[in-house]
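Q: I'd like to ask you about the structure that follows.
The values are calculated or read from the model by the stated rules, or taken from the named source; none is laboratory data. These figures come from a predicted structure and were not determined experimentally. Using ideal geometry, Cβ is built from the backbone for each residue, glycine included, and neighbour counts are taken over all protein chains shown. Quick note on the areas: whole protein, heavy atoms, side chains included, nothing else; ligands and nucleic acids left out. Shrake-Rupley method; radii C 1.70, N 1.55, O 1.52, S 1.80 Å.
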Amino acid sequence: MQVAIVKYNAGNIYSVVNALKRLGIEPLLTDDAELLMKADKVLFPGQGHAGEAMDYLRARKLDLVIRDLKQPVFGICVGQQLLCRHSEEGDTDCIGIFDAEVKRFKPERHEDKVPCMGWNYLTPTLSQGEGAVNPIFKGLFSSPLERSGEVPYVYFVHSYYVPVCQDTIATADYILPYSASMHRDNFYACQFHPEKSGKVGEQIIKNFIDL
């Protein structure tokens with residue numbers, strides 16, 4: 001299986017490379033359109049400014065490549081935001097897989113800090129028409145995991161969020177409920193960093209690879 005990671009103008013990509021290596025996968029880090037299209041799975045991680053990231057992608061027509069991918073794609077952190085229609089960060093038009101607008105957190109109390117940094121729990125939504133959590137969360141919210149003492153806590157670092165919408169498959173709550181994870185067709189995404197989220201995050205990455 002060939003697992004590709006989109007190489008673009010964003011940070012934190014190498015922590016995802018290392019997370020995959022811990023699972024025994026040697027990923028391909030590339031901005032080559034042909035290699036991305038041929039890969040079995042594609043990860044689209046990153047941290048950074050949405051406008052600068054989209055400038056890099058558009059200059060290489062990678063925004064169009066990503067939009068047209070047919071294999072499973074996993075956006076992480078800024079990757080989730082860039083898969084949306086628009087971001088308030090830099091008033092940026094994004095790739096448009098998810099029909100949602102990325103918003104900046106607005107503190108409502110003195111203790112509300114932006115960026116949001118730290119661990120938070122996930123609340124899954126039921127998959128449309130299935131009455132079950134999304135396959136990306138397989139094993140996460142099952143009784144064996146609960147009996148082992150694990151909790152679905154994951155690590156976040158972000159100033160912008162995606163409001164809860166029809167593509168939301170899990171929420172988190174910081175100032176307000178928002179989309180912690182999303183899914184539409186072959187596109188999966190999460191706002192948190194699974195590569196920094198211990199066993200829970202490792203399980204999510206493994207679930208994506210096993211799709």
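Q: Explain nothing, just the number: relative contact order of the chain, from Cα pairs under 8 Å at least 6 residues apart, as a whole percent.
A: 19
Q: What's the carbon and sulfur percent of the chain's accessible surface, probe 1.4 angstrom, rounded to a whole number?
A: 49
Q: Under 16 Å between alpha carbons, and skipping anything fewer than 8 positions from LYS7 in its own chain: which lysines qualify?
A: LYS38, LYS41, LYS61
Q: Next up: Which percentage, to the nearest 5, of the DSSP beta bridges contained in the chain is antiparallel?
A: In the chain, DSSP labels about 60 percent of beta bridges as antiparallel.
Q: Here's a follow-up. What whole number of Å gives the distance from the Cα centroid of the range 103-118 to the Cα centroid of the range 30-87?
A: 27
Q: Taking the alpha-carbon distance from LYS113 and a cut-off under 26 Å, which lysines remain once sequence neighbours fewer than 8 residues away in the same chain are dropped?
A: Candidates past the 8-residue exclusion: LYS103, LYS196.
Q: Hey, with R₀ at 41 Å, roughly what FRET efficiency would HIS110 and ARG184 work out to, going by the Cβ-Cβ distance, to 0.05?
A: Efficiency, rounded to the nearest 0.05: 0.65.
Q: In the calculated pair distance distribution of the chain, what percentage of Cα-Cα distances lie above 30 Å?
A: So the portion of pairs separated by more than 30 Å is 16 percent.
Q: Now, a different point. With a 1.4 Å probe and all protein chains left in place, how much accessible area per residue does the chain have, in Å²?
A: In whole numbers, the chain has 47 Å² accessible per residue.
Q: Would you mind checking the range 164-202 for residues with the amide N under 11 Å from a putative spin-label position 7 Å along Cα→C-beta of VAL157?
A: Taking a point 7 Å out along Cα→Cβ of VAL157, the residues of the range 164-202 whose backbone N falls under 11 Å are 193, 196.
Q: Another question, if that's okay. Ranked from highest to lowest mean number of other Cβ atoms within 10 Å per residue, what is the order of the peptides 20-32, 163-175, 189-201?
A: 189-201, 163-175, 20-32
Q: Something else about it: Can you tell me which aspartates and glutamates have their Cα less than 12 Å from the Cα of LYS138? Leave out same-chain residues fewer than eight positions away.
A: GLU202, ASP210
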